[in-house]
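Each remark here refers to the structure printed beneath this line.
The values are calculated or read from the model by the stated rules, or taken from the named source; none is laboratory data. Owing to the predicted nature of the structure, the values given are computational and were not obtained by experimental measurement. Positions of Cβ are backbone-derived with ideal geometry, glycine not excepted, and every protein chain shown enters the neighbour counts.
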Amino acid sequence: MDDFVCDKLKEWGLAELIDIFRGNRIDSESFYMLGDGDINELIPIIGQRLKFKNRFNLLKAQQKEEDAHEMTEVLPSTSDTGKRRSDPRCKSSKETPVVKRQRETNSSAETEARILNDVKNKMGKILAILNNQKNTNLNTFLKTKIRNLETEKKELVGVFGKTGAGKTSLINAVIEEKGLLPSGSIEACTSVMIKVEANRHNEIYEAVVEFISPEEWEDEMGSLFRTIEKGDQEMDNNDDDDNDDYHEAFDKLSALYDEEWKERSCEQLMESKCFKDIPEFLHSKQKTLAFKSAKNLSADIVKYTRNGTKDNKYKAVKRWYWPLVKCVTIKIVGDCSAVWVVTEINRAASERESWEILKSVSSLLGNGGECRHIHFICTKSDDIENIDDHSKADAQALIIERNMEAKKSVTTELNKLTKIKKHFSDECFKVFTVSSREFFTKRHLSPENTEIPRLQEFLKNLHDCHSETLKYVSGAHGILSLIHGASLRNEDGSNSKVCEALEENLHRQTKSVRNEMQKILTAFEERLQEGVEKSKSSCENILKTALYPKRKSGRGFHRQLKKAVENGGICKYKKGKEMNLNMELSSPLTLSIDDEFRKTFPNEGQCGPFNGVINMFSLGTEGLKQTYKDVELQLVFLKSEEDHLKTDLKKSIRKQKKNIYRSLTKTVEETMQDCYKKAAVFTGEGTLQNMRETIEKHVHGSKNNMFESAKDVMNKQLDNLMKEVLNRLENTMKESIELSLKADDHSIPDVSAELKMVQELYNELRESS
C-alpha cells in the first residue's frame, strides 16, 4: 500500500482500515478500481463501509471532472510540454478525446459501463449532499432509496460429473484459459468446491480462498482420529471391507500435516506454527491471491483446491490446504444460474452415475432451488479411434455424425425422467456435445463445431448486464424525479386528490393479491392432507425397502446404516446414490405438493410467483399522469418504486420458497433424531438388526404425529410468506405515496441538471433494448 491510500483513509477518519487495505495490497491504482463487491468484502462493518463509499464516490466524481477538464485543456503530445501530468491511476494515451470517445462507443457493453458509472457518480454526489442536511422523514427515505440501488446479482452454474468426465477441461475452454483449473487422468484433481465468477473491476486474475473455521477443523480432526483408530482395529481383525472413510481421514491429515499428525495430539496440531503460511485461517479471514496471468494463479491455487500428494508433478509442494478450504472463488468469467451434467460422449446415454446425480438433486434444484436450465454436456466428442488417419473434412464429418447420434440418445433418456419433469419444463433441458481439446487446437473442428461458443453465449445471455444497468438507471431516474418534483411542490390541493386515488388503488390491488393467495393456501392445505394420508399408509413399506436393500451384504449395509444413524439419517457415498432416510420418509408428502409448488413458485417463465398476481399488481400511475400533470414527476417515482418492489419481492420469494419446500423433510428429520441417537449406541453382535428395529418401532409409533406436524409447519411458513409479501406491498407503497406527495421539506437539493442527464441516459438504454 502506498502513501496515497494511507493518507486518504486517515483524511476520511478511517485509519482503522489501513491494515486491511495493506493486507490486500491496495495501492493507488487498484484503489480506483474498487467496485462495490470488493468494498463489501474489505469492509464488513456497515457503518465504516457506508462512510467509505460516500467519500469514495465523491473522490471519483471529483477526479472525473478534473480529468474531463484536462482532456479539454491539454491535448496529448509526444513533447514534454504537451503531455498530461503523470498520475499513478491513469495509463498514458496518444489518442485525442474524440478518437477515445469513438473507441469507447464501439461496444454496447462499454457504453453501458460508462452510463452506469456516470449515474452512480451522480447519485453518490447527491447522497453526500443529503448526508450533510438535516435528517427529516423525506431525507432519510431518499438516502435509503439511493443506497438500495446498489444490488449485485450473482447466479451460479453447478457442474456435476464423475471423475475424469472432463469438468475442469470444459470450464477452462469456456473461459478460454487452458491451464487455469487443474485437470488430469490419474485421480480426482479437484478436492474442494470452486466457483468461477466475473472480475468486473480490473484485468487481474484473482482467487478468494474461504476457509472453514478453526473450531470446525478441530472438531473434524477429532472425528478423523476416531475414524482412523476404528479402521486400524478393523484391519487388525481382518475386517477392512474397503473402508473409504479410513482412507479419506488418512489422506486429509497427511495432506495438511505430512507425517507429523501420527506423533502429535489435536491440541498440538492446532498450534499457530502449523498455520504460519495461512494466518488468515486462524483469524477466520479470507485469503486473496492475485496474479497477472491465469498460469501463475493456477500454479498457486493448486494447493488449496486439490489433493496432489500422490502426484510426482507436485513434489515441491509440502503442504496441501484443501482440507481447510470451504470454497475457492476464481474471478474471471460471468456467473450463471444453471446446472451442467458432464459425461463422456461414448457413455453419455448409458452412464448411470450421471443420471443418478441428476435424479438425486432434481428436487433441490427445482422446487427446492432456483435452477432454470439443465444442460447435459457430452465431452470429448473428438475422441474417435484413428481420427488422425482421416482428412480434416472426413474427420469433421465423423465427429458431427457422432454428435448427432449422442444428442438423440441422450434426449431419449431425458424424456424418460418423468419424476424430474415435475420440477422442470421441456425448455429447461438442452444437450451439448463439446470438445475442449479441439477448441484449443482446431485440428479437425472449427471452434463453432466444438459447441464451446454456444455455452459461452448462453452464459453471456444468462448474466444480463443490460437489465442490471437498466434497473439501476431507472431507479435513479425515479428518485431524481421525486426529488425534483418535491422541490416544485404546489399548494392547490391536487396532491391530496392524487393521494386519495392512489390509496384507493392500493387498497383494491392488495385485496386482489390477498384473495388469490388465500386460494393458493387452500389448495396447498388440500394437497398436503392427501400427502399426510399417503405417508401414514406407505411409510412402513418405504422404510422396509430402505432398511432391507436387495443385493447388499449384511456387513456392507451394517456400516452404511451405522454411519447414517450417526449422521442424522444420512449416509453419503463417494460413489452411488446416498442413503437419506428422512427424504425417503417424506417423499409422499413432497410428491403430493410438487405440481402445486412449481405452479405457485416457478423458476422459469414470465408469470412470476403466486400465479402471477404480484406481476399484475399496479397503482395505475400511468393513467393518473393524464389527470394530474403537476405531480407527474412524483408519479414517475412511484411507478419506478412499484417496479423495484415487485422485483425485490420476487427475489425474496425465490429464496424463501426453497426453505419452505425443504421444511417437509426437515420436520421429519427433526422428529427422527431421538431414534437415530438410540440406534447409534448399539455395538457388537446383532447391531444391524437392533438398529433396524429401533427405527421401525419409532416410525410406527410417531407416524400419526410426524407427518401432521410436517404439514402444519409448511402451511405456517406459506402463510407467513404470504403475509410478509402483502405487508411489504401495502406498507412500502403507502410510505412512498405519503412521503412523495405529503411530506413538507424545504431543504430538498436542486437536481434539475442531474435529472436531465439521467433522463437522457435512461432513454438511451431503453432504446438500445
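For (1) at pLDDT below 75; (2) under 28 Å from Arg454 (Cβ atoms); (3) exposed (fewer than 14 other Cβ atoms within 10 Å of the Cβ), each residue gets a yes or a no:
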position	(1), (2), (3)
Val174	no, yes, no
Glu177	yes, yes, no
Ser183	yes, yes, no
Glu187	yes, no, yes
Lys195	yes, yes, no
Glu203	yes, yes, yes
Met221	no, no, no
Worksheet item: Of the conditions (1) assigned to a helix (DSSP H, G or I); (2) of a type outside the set (Gly, Ala, Ser); (3) at pLDDT 90 or above, Arg559 fails just one. Which one is it?
Response: (3)
Fill in: Checklist (1) closer than 26 Å to Gly608 by Cβ; (2) touching a residue at least 12 places away in the same chain (Cβ under 8 Å); (3) in the same structural domain as Lys650 (by TED's automatic domain parsing); (4) surrounded by fewer than 19 Cβ atoms within 10 Å (Cβ to Cβ) applied to Lys497, failing item
(1)
Worksheet item: Mind checking which residues of region 528-547 are crowded, with 19+ Cβ neighbours inside 10 Å and either over 29 Å from Thr665 (Cβ atoms) or in contact with a Ser or Thr (Cβ under 7 Å, 6 or more places away or on another chain) (or both)?
Response: Leu528, Gly531
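Go through Glu526, Glu516 for me and flag whichever is in the same structural domain as Leu721 (by TED's automatic domain parsing), free of Cβ contacts under 8 Å to residues at least 12 places away in the same chain and within 36 Å of the chain's Cα centre (by Cα). Break it down into steps so the answer makes sense when it comes.
Details: Glu516 fails: free of Cβ contacts under 8 Å to residues at least 12 places away in the same chain.
Only one candidate passes the filter, namely Glu526.
Do the conditions hold for Thr144, that is, is it in a helix (DSSP H, G or I), hydroxyl-bearing (Ser, Thr, Tyr) and modelled with pLDDT under 85? Give the steps one after another, and end with the answer.
Numbers: in a helix (DSSP H, G or I): yes; hydroxyl-bearing (Ser, Thr, Tyr): yes; modelled with pLDDT under 85: no.
Here the answer is no, as Thr144 does not meet what is asked.
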Fill in: Lone unmet requirement of (1) surrounded by 17 or more Cβ atoms within 10 Å (Cβ to Cβ); (2) within 30 Å of Ala113 (Cα to Cα); (3) not assigned by TED's automatic domain parsing to the domain that holds Ile377 for Gln456
(3)
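Results for (1) within 20 Å of Gln509 (Cα to Cα); (2) in a helix (DSSP H, G or I), shown as yes or no for each residue.
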| position | (1), (2) |
| --- | --- |
| Cys675 | no, yes |
| Glu685 | no, no |
| Leu688 | no, yes |
| Glu696 | no, yes |
| His700 | no, yes |
| Ser709 | no, yes |
| Val713 | no, yes |
| Asp719 | yes, yes |
| Leu726 | yes, yes |
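Output the number of residues of region 683-705 satisfying the condition of being on the phi < 0 side of the Ramachandran plot and surrounded by fewer than 17 Cβ atoms within 10 Å (Cβ to Cβ).
Selection size over region 683-705: 12.
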Discussion item. Looking only at region 354-400, filter to residues that are touching a helix residue (DSSP H, G or I) at 6+ places or on another chain (Cβ under 9 Å), of a type in the set (Gly, Ala, Ser) and assigned to a loop (DSSP other than H, G, I, E, B); which one of those is nearest to Lys651 (Cα to Cα)?
Written reply: Gly369
Worksheet item: Can you name the residue in region 514-541 that is at pLDDT 95 or above and among the hydrophobic types (A, V, I, L, M, F, W, C) and is also farthest from Asn615 (Cα to Cα) among such residues?
Response: Val532
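For residues that are polar (S, T, N, Q) and without any contact (Cβ under 8 Å) to a residue 12 or more places away in the chain, scanning just region 350-387, find the one that is surrounded by the fewest Cβ atoms within 10 Å (Cβ to Cβ).
Checked region 350-387; the qualifying residue surrounded by the fewest Cβ atoms within 10 Å (Cβ to Cβ) is Asn386.
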Item to complete: Considering each of Ile20, Ile39 in turn, give the residue that is more than 19 Å from Lys125 (Cα to Cα) and either surrounded by 15 or more Cβ atoms within 10 Å (Cβ to Cβ) or modelled with pLDDT of 80 or more (or both).
Response: Ile20
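Just checking, how many residues over region 696-714 are under 34 Å from the mean Cα position of the chain (by Cα) and of a type in the set (Lys, Arg)? Don't jump to the end; show me each part of the working.
First pass over region 696-714, keeping only residues under 34 Å from the mean Cα position of the chain (by Cα): 706-714.
Still in the running and of a type in the set (Lys, Arg): 711.
The qualifying residues number 1.
Counting only residues that are of a type in the set (Ser, Thr, Tyr) and closer than 19 Å to Lys318 by Cα, which one in region 266-299 is surrounded by the fewest Cβ atoms within 10 Å (Cβ to Cβ)? Spell out the reasoning first.
Filtering region 266-299 down to residues of a type in the set (Ser, Thr, Tyr) leaves 272, 284, 288, 293, 298.
Add one more test, that the residue is closer than 19 Å to Lys318 by Cα, and what stays is 272, 298.
Working: Ser272: 10, Ser298: 21.
Result: Ser272.
Can you spot a residue in region 151-162 that is of a type outside the set (Ser, Thr, Tyr), at pLDDT 75 or above, within 29 Å of Leu459 (Cα to Cα) and surrounded by fewer than 19 Cβ atoms within 10 Å (Cβ to Cβ)?
no
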Worksheet item: So which residues in region 418-448 are hydrophobic (A, V, I, L, M, F, W, C) and either over 18 Å from Ala338 (Cβ atoms) or surrounded by fewer than 17 Cβ atoms within 10 Å (Cβ to Cβ) (or both), if there are any at all?
Response: Phe439, Phe440, Leu445
Worksheet item: Among (1) β-branched (Val, Ile, Thr); (2) surrounded by fewer than 21 Cβ atoms within 10 Å (Cβ to Cβ); (3) within 18 Å of Gly166 (Cβ to Cβ), which single condition is Ile400 missing?
Response: (3)
Item to complete: Could you run through region 421-447 and say how many residues are touching a residue at least 60 places away in the same chain (Cβ under 8 Å), in a loop (DSSP other than H, G, I, E, B) and under 16 Å from Thr379 (Cα atoms)?
Response: 3
Practice prompt. Answer yes or no as to whether Val498 is more than 29 Å from the chain's Cα centre (by Cα) and assigned to a helix (DSSP H, G or I).
Written response: yes
Practice prompt. Give the number of residues within region 715-736 that are more than 27 Å from the chain's Cα centre (by Cα) and among the basic types (Lys, Arg).
Written response: 2
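So which of Lys497, Lys442 ends up being among the basic types (Lys, Arg) and under 19 Å from Ile175 (Cβ atoms)?
Going through Lys497, Lys442 in turn, just one is among the basic types (Lys, Arg) and under 19 Å from Ile175 (Cβ atoms): Lys442.
Is it the case that some residue within region 712-726 is closer than 30 Å to Gly485 by Cα and either surrounded by fewer than 16 Cβ atoms within 10 Å (Cβ to Cβ) or touching a helix residue (DSSP H, G or I) at 6+ places or on another chain (Cβ under 8 Å) (or both)? Can you show your working first?
Residues of region 712-726 that are closer than 30 Å to Gly485 by Cα, as a first pass: 725-726.
From the residues that got through so far, the ones that are either surrounded by fewer than 16 Cβ atoms within 10 Å (Cβ to Cβ) or touching a helix residue (DSSP H, G or I) at 6+ places or on another chain (Cβ under 8 Å) (or both) too are 725-726.
Yes, region 712-726 contains a residue that is closer than 30 Å to Gly485 by Cα and either surrounded by fewer than 16 Cβ atoms within 10 Å (Cβ to Cβ) or touching a helix residue (DSSP H, G or I) at 6+ places or on another chain (Cβ under 8 Å) (or both).
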Item to complete: Only helices (runs of 4 or more DSSP H) wholly contained in region 265-309 count here; list those with 1 or more residues that are over 19 Å from Glu206 (Cα atoms).
Response: 266-269, 279-282
